[in-house]
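The values are calculated or read from the model by the stated rules, or taken from the named source; none is laboratory data. Since this is a predicted model, take the numbers as computed values, not measurements. Glycine gets a Cβ as well: all are built from the backbone with ideal geometry, and neighbour counts include every protein chain shown. Protein only, heavy atoms only, side chains kept; ligands, DNA and RNA dropped before computing areas. Shrake-Rupley method; radii C 1.70, N 1.55, O 1.52, S 1.80 Å.
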Amino acid sequence: MNSLILRTTTGFLLSLLMLFSVYLMLRGHNAPGGGFIGGLTATAALTLYAFAFDVATVRKMLRLDPLSIAGLGLALALCSGLPGMVGGDAYLTSRWAVLLLPDGAEIHLGTPLLFDFGVYLVVIGVGCAVLLTMAEERGE
Amino acid sequence: MNTLMALLIGILYASGMYMVLRRSMVKLIIGLALLSHAANLLIFTMATLRRDRPPLIGEGETALAAPYADPVPQALILTAIVIGFAVSAFAAIMIHRVYQTTGTDDLDQLHTTDS
Amino acid sequence: MNLLLVAPILLPLLTAALCLLAWKSVRVQRWLGVAGSAALLASALALFAEVHVRGIAVSHAGEWAAPFGITLAADLLGALMVVLGGIVGLMVSVYSLGSIDEGRERFGFHPLVQILLMGVCGAFLTGDLFNLYVWFEVLLMASFVLTALGGERAQMEGAIKYVTLNLVSSAIFLAALGLLYGLTHSLNMADVSLRLARLNYPALENLLAVLFFIAFGIKAAVFPLFFWLPASYHTMPVSVSALFAGLLTKVGVYALIRVFTLVFRDDVEFVKELMLVVACLTMAVGVLGAVAQMEMRRILSFHIVSQIGYMIIGLALMTPLALAGTVFYLAHHIIVKTNLFLVSGAVARATGSFELKKSGGLYAAQPGLALLFLVPALSLAGIPPLSGFWGKYILVKAGLESGQVVLVVVALAVSVFTMISMMKIWSEAFWKPHPLGLTPAPVGLLNGPIAAMAAMTLLIGFGVEPVMQLAERSAQQLLDPQSYITAVLEARR
């Protein structure tokens, strides 16, 4: 597709959507959201970018092969379960660290976040791999 | 409500089975999707349907108040839907490939590997 | 303990992830595949040793206690199956170094094999029915892609049959799960077992048992639900069909054993009788199908079906001896059948065809390979003192003790027909000269895994005593579900 309007707006929308997808992923622990939905949003953003420009641009932007991103996510999600085993507990037992901010607010960082981030990457990787491959096939 | 759901599930199973038995590959895939939807609805219904009782612990309470919708089947269905989605996506791509290599949508033409 | 239980699932997953990271380099993936499978086998052996010494191992993921959390549990049968999965995985990984084409490797052959192994190990180790469904789907998805990978015409035709029948089976499994949940409000196998025993709905229980039997029966390829197997297994590359032949139907058999020893214990007499009939017909129809074939892998595919019948016998009789026979047979069959498929690949490589009419002359050119074929082939037919003989001997003895004369007669007759099939392969592919006068080419690396698995067959055959004791111990464990239930529900925190 070759539309100036779409290309101009997509530039802004991409960063906005990516930010939104990260927000969705972060709030996922106790509220609607999570790695899966965040990943889908990010994939949708990247697909939009592929619509506005072309598939090659998106591939270049991702730097890594989409499936390698999925592999990275898989490895991350897998490793997120390991810290729980250090104290003799079962695999995937959550471990938390509390970060105290100067203004007294607390941020709870834990292994589930790492897991969610892994899922986020897997969904982006697999989604992009499927969609980009299909888009390329049609272009042939 | 239960009767309605039972009827709906029955209709889904029947139409899914009918579609699977058709000769067209596209209809086969639709039939398989219908079968998995029927199974999902069946799980949903088996857990007793309840209106307006979400399984949420109220402010200041420590346990769920008695009649509440069972959250487990919903989690199961969610998982099954995601799996079903992946399987359907794969199946759609597969019949596309089959069509490309064999040039037909008719299952009766795919008999060279039967013994 | 915790680590041992998750390792057989995590190691293949990690290997798959690393393979994806090395997506561009086929060579790295190849060696990662071999290393991952070797690590899987090592971890499986460690788990087996632990279970053998200390009894049933249980782990609740995230420390969420049963029946709410995700339960992993390994009894002797489960641990044994994981070890066998590791063996098959390693052998196929090594074999594929020399046999799989680069095109398939480029499109993810190695990570897919690892994901399949993960699904298989997960199914063997889970203590939860819904997780069993999820693991089934994991291994099915990997197997779907492996079936279709390459996209040749015959392969696509085989794939569509394979995929359709397995999806129908999954839908039935899911429906059965829903009904079971409605009845017991639990999905943890140990918990479901307790709750079902307290309920008293024999009709519903029988209905559920039949649904589970059909769902797993399709996956295990029992009569009359086996048609997808001989229609698809001969269309894939040899490495893939050997992997499938060794593991996939056996996951179905394992699920049947698990469900019918743990979950449905009483009140399912109807299903037991159904199983006896099905076992007889599966044996007979499978072997008769093989007699009519002249393509090596089709013959072997039909023999998978017929051998599944033997395993169902033990389950249907449900005496300690019969169940031990089934466990023994599972172990013997996985090794022998995988090996025969590997041999078929070597034969095709050497003579240029899987068609028996178009091959020949292998005995003169490569007596070593011929000998390596004879070990699993004669074992499959049940010639003493190879492993198959002992498996059949135990099952026949158990059948006679239970007074099932018809069953015994069928089992013995099927054995004879199996022998005929194996002799057919022997005389056509090995004994007669090649119809085109070609000298079969050497197969090099492919001999390695074949020889290793033949050695295992001999080991089981000659060292039958310890294997038999192991089978008996796992049968005792299976017949005493209370120990499993206690282990799962009261696991150490």
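For the range C:25-138, list the helices (runs of 4 or more DSSP H) that sit wholly inside it and hold at least 1 residues that are buried (at least 24 other Cβ atoms within 10 Å of the Cβ); which are they? Walk me through how you get there before you give the answer.
Values: elements: C:26-54, C:76-99, C:102-106, C:109-125.
Because the criterion is at least 1 residues that are buried (at least 24 other Cβ atoms within 10 Å of the Cβ), the helices (runs of 4 or more DSSP H) in the range C:25-138 that meet it are C:26-54, C:76-99, C:109-125.
Given the residues C:Gln476, C:Gln482, which is the only one that is free of Cβ contacts under 8 Å to residues at least 60 places away in the same chain, open to solvent by 80 Å² or more (accessible area, probe 1.4 Å) and over 25 Å from C:Ser359 (Cβ atoms)?
On the way: C:Gln476 fails: free of Cβ contacts under 8 Å to residues at least 60 places away in the same chain.
Answer to the check: C:Gln482.
State whether one or more residues within the range A:102-119 are surrounded by fewer than 20 Cβ atoms within 10 Å (Cβ to Cβ), farther than 26 Å from C:Pro111 by Cα, in contact (Cβ under 8 Å) with a residue 12 or more places away in the chain and in contact with a Lys or Arg (Cβ under 9 Å, 6 or more places away or on another chain).
Scanning the range A:102-119 turns up at least one residue that is surrounded by fewer than 20 Cβ atoms within 10 Å (Cβ to Cβ), farther than 26 Å from C:Pro111 by Cα, in contact (Cβ under 8 Å) with a residue 12 or more places away in the chain and in contact with a Lys or Arg (Cβ under 9 Å, 6 or more places away or on another chain).
In the set B:Ala65, B:Ala14, B:Ala33, which member is at pLDDT 90 or above and either outside any helix (DSSP H, G or I) or out of contact with any helix residue (DSSP H, G or I) (no Cβ under 8 Å at 6 or more places or on another chain) (or both)? Even if it seems obvious, please write down each step before you answer.
On the way: B:Ala65 fails: at pLDDT 90 or above; B:Ala33 fails: either outside any helix (DSSP H, G or I) or out of contact with any helix residue (DSSP H, G or I) (no Cβ under 8 Å at 6 or more places or on another chain) (or both).
Result of the check over B:Ala65, B:Ala14, B:Ala33: B:Ala14.
Do we find that C:Ala171 is in a helix (DSSP H, G or I), in contact (Cβ under 8 Å) with a residue 60 or more places away in the chain, at the interface with chain B (Cβ under 7 Å from one of its Cβ atoms) and under 22 Å from B:Ile93 (Cα atoms) in this structure?
On the way: in a helix (DSSP H, G or I): yes; in contact (Cβ under 8 Å) with a residue 60 or more places away in the chain: no; at the interface with chain B (Cβ under 7 Å from one of its Cβ atoms): yes; under 22 Å from B:Ile93 (Cα atoms): yes.
Here the answer is no, as C:Ala171 does not meet what is asked.
Here are the criteria: (1) at the interface with another protein chain (Cβ under 9 Å from one of its Cβ atoms); (2) closer than 30 Å to C:Val305 by Cβ. Tell me which single one B:Met19 does not satisfy.
With (1) at the interface with another protein chain (Cβ under 9 Å from one of its Cβ atoms); (2) closer than 30 Å to C:Val305 by Cβ applied to B:Met19, the lone miss is (1).
Go through the range C:179-202 residue by residue and tally those that are touching a residue at least 12 places away in the same chain (Cβ under 8 Å) and touching a Pro at 6+ places or on another chain (Cβ under 7 Å).
Residues meeting the conditions: 4.
Can you tell me which of (1) more than 30 Å from A:Val123 (Cα to Cα); (2) in contact (Cβ under 8 Å) with a residue 12 or more places away in the chain; (3) not in a helix (DSSP H, G or I) is the one B:Pro55 doesn't meet?
(1)
Being farther than 20 Å from C:Ala7 by Cβ and touching an Asp or Glu at 6+ places or on another chain (Cβ under 7 Å) is the filter here; which residues of the range A:60-98 pass it?
Passing the criteria: only A:Val98.
Within the range A:1-36, can you find the residues that are without any contact (Cβ under 8 Å) to a residue 60 or more places away in the chain, of a type in the set (A, V, I, L, M, F, W, C) and open to solvent by 80 Å² or more (accessible area, probe 1.4 Å)?
Those that are without any contact (Cβ under 8 Å) to a residue 60 or more places away in the chain, of a type in the set (A, V, I, L, M, F, W, C) and open to solvent by 80 Å² or more (accessible area, probe 1.4 Å): A:Met1, A:Leu4, A:Ile5, A:Phe12, A:Leu16, A:Leu19, A:Phe20.
Residues that are among the polar types (S, T, N, Q) and within 20 Å of the chain's Cα centre (by Cα): does the range B:27-44 have at least one?
If we filter the range B:27-44 for residues that are among the polar types (S, T, N, Q), which is where we start, we get B:36, B:40.
Okay, now just the ones that are also within 20 Å of the chain's Cα centre (by Cα), so B:36, B:40.
Looking through the range B:27-44, at least one residue is among the polar types (S, T, N, Q) and within 20 Å of the chain's Cα centre (by Cα).
Kindly establish whether C:Ile9 is within 14 Å of chain A (Cβ to nearest Cβ) and within 25 Å of the chain's Cα centre (by Cα).
Details: within 14 Å of chain A (Cβ to nearest Cβ): yes; within 25 Å of the chain's Cα centre (by Cα): yes.
Yes; evaluated as a whole, the condition is true for this residue.
Only one of C:Gly122, C:Gly85 is away from chain A (no Cβ under 13 Å), touching a residue at least 24 places away in the same chain (Cβ under 8 Å) and under 27 Å from C:Ser169 (Cα atoms); which? Talk me through it step by step, then tell me what you get.
Working: C:Gly122 fails: away from chain A (no Cβ under 13 Å).
Just one listed residue meets the conditions, C:Gly85.
Those residues that are more than 7 Å from every other protein chain (Cβ to nearest Cβ), over 13 Å from B:Ser36 (Cα atoms), free of Cβ contacts under 8 Å to residues at least 60 places away in the same chain and open to solvent by 60 Å² or more (accessible area, probe 1.4 Å), I need them from the range B:76-115; list them, please.
Selection gives B:Ile93, B:His96, B:Gln100, B:Gln109, B:His111.
Is it true that some residue in the range A:16-39 is outside any helix (DSSP H, G or I) and closer than 30 Å to A:Glu136 by Cα?
As a first pass, look at the range A:16-39 and keep what is outside any helix (DSSP H, G or I): A:30-34.
Right, trim to closer than 30 Å to A:Glu136 by Cα and you get A:34.
Checked against the condition, which is being outside any helix (DSSP H, G or I) and closer than 30 Å to A:Glu136 by Cα, the range A:16-39 yields at least one hit.
Within the range C:281-291, is even one residue over 29 Å from C:Leu179 (Cβ atoms) and without any contact (Cβ under 8 Å) to a residue 60 or more places away in the chain? First the steps, then the outcome.
Of all residues in the range C:281-291, those over 29 Å from C:Leu179 (Cβ atoms) come to C:283-291.
Pick out the ones that are also without any contact (Cβ under 8 Å) to a residue 60 or more places away in the chain and you get C:289.
Yes, because at least one residue in the range C:281-291 is over 29 Å from C:Leu179 (Cβ atoms) and without any contact (Cβ under 8 Å) to a residue 60 or more places away in the chain.
Give all pairs with beta carbons closer than 9 Å in which a residue from the range A:44-72 that is within 12 Å of A:Leu132 (Cα to Cα) meets a residue that is buried (at least 21 other Cβ atoms within 10 Å of the Cβ) and of a type in the set (S, T, N, Q); count only pairs at least 6 apart in sequence or on separate chains.
Final answer for the pair search is A:Ala44/A:Ser21.
Go through the range C:205-310 and tell me which helices (runs of 4 or more DSSP H), entirely inside it, have 3 or more residues that are farther than 30 Å from C:Asp480 by Cβ and either open to solvent by 10 Å² or more (accessible area, probe 1.4 Å) or among the β-branched types (Val, Ile, Thr) (or both).
Numbers: elements: C:228-232, C:238-258, C:269-291.
The qualifying helices (runs of 4 or more DSSP H) are C:269-291.
Could you check the range C:441-450 and list, in sequence order, the residues that are open to solvent by less than 40 Å² (accessible area, probe 1.4 Å), of a type in the set (A, V, I, L, M) and in a helix (DSSP H, G or I)?
Answer for the range C:441-450, where residues must be open to solvent by less than 40 Å² (accessible area, probe 1.4 Å), of a type in the set (A, V, I, L, M) and in a helix (DSSP H, G or I): C:Leu446, C:Ile450.
Within the range B:64-75, which residues are loosely packed, with under 13 Cβ neighbours inside 10 Å and within 14 Å of chain C (Cβ to nearest Cβ)?
Applying the first criterion (loosely packed, with under 13 Cβ neighbours inside 10 Å) to the range B:64-75 yields B:65-67, B:75.
Listed by number, the list holds a single entry, B:Ala75.
For the range C:178-204, give me the residue count where each residue is open to solvent by less than 20 Å² (accessible area, probe 1.4 Å) and more than 7 Å from chain B (Cβ to nearest Cβ).
Residues in the range C:178-204 being open to solvent by less than 20 Å² (accessible area, probe 1.4 Å) and more than 7 Å from chain B (Cβ to nearest Cβ): 11 in total.
Checking the condition modelled with pLDDT of 90 or more, touching a strand residue (DSSP E or B) at 6+ places or on another chain (Cβ under 8 Å) and either open to solvent by less than 30 Å² (accessible area, probe 1.4 Å) or at negative phi (or both), which residue from C:Leu18, C:Leu5 passes? So that I can check it myself, show each step before the final result.
Working: C:Leu18 fails: touching a strand residue (DSSP E or B) at 6+ places or on another chain (Cβ under 8 Å).
None of the others qualify; the one that does is C:Leu5.
Report, by residue number, each residue of the range C:139-148 that is more than 21 Å from A:Tyr91 (Cβ to Cβ) and open to solvent by less than 10 Å² (accessible area, probe 1.4 Å). Break it down stepwise before answering.
Here is the first cut: in the range C:139-148, the residues more than 21 Å from A:Tyr91 (Cβ to Cβ) are C:140-148.
Within the range C:139-148, C:Leu140, C:Ala142, C:Ser143, C:Phe144, C:Leu146, C:Thr147 qualify.
Tell me yes or no: at least one residue of the range C:142-162 is outside any helix (DSSP H, G or I) and either at the interface with chain B (Cβ under 7 Å from one of its Cβ atoms) or on the phi > 0 side of the Ramachandran plot (or both). Write out each step before concluding.
Here is the first cut: in the range C:142-162, the ones outside any helix (DSSP H, G or I) are C:149-152.
Now restrict to residues that are either at the interface with chain B (Cβ under 7 Å from one of its Cβ atoms) or on the phi > 0 side of the Ramachandran plot (or both): C:150-151.
Yes - at least one qualifying residue is present in the range C:142-162.
Quick test of your reading of the structure: B:Ile11 fulfils all but one of (1) surrounded by 13 or more Cβ atoms within 10 Å (Cβ to Cβ); (2) more than 7 Å from chain C (Cβ to nearest Cβ); (3) β-branched (Val, Ile, Thr). Name the failing condition by number.
If we test B:Ile11 against (1) surrounded by 13 or more Cβ atoms within 10 Å (Cβ to Cβ); (2) more than 7 Å from chain C (Cβ to nearest Cβ); (3) β-branched (Val, Ile, Thr), just (1) comes out false.
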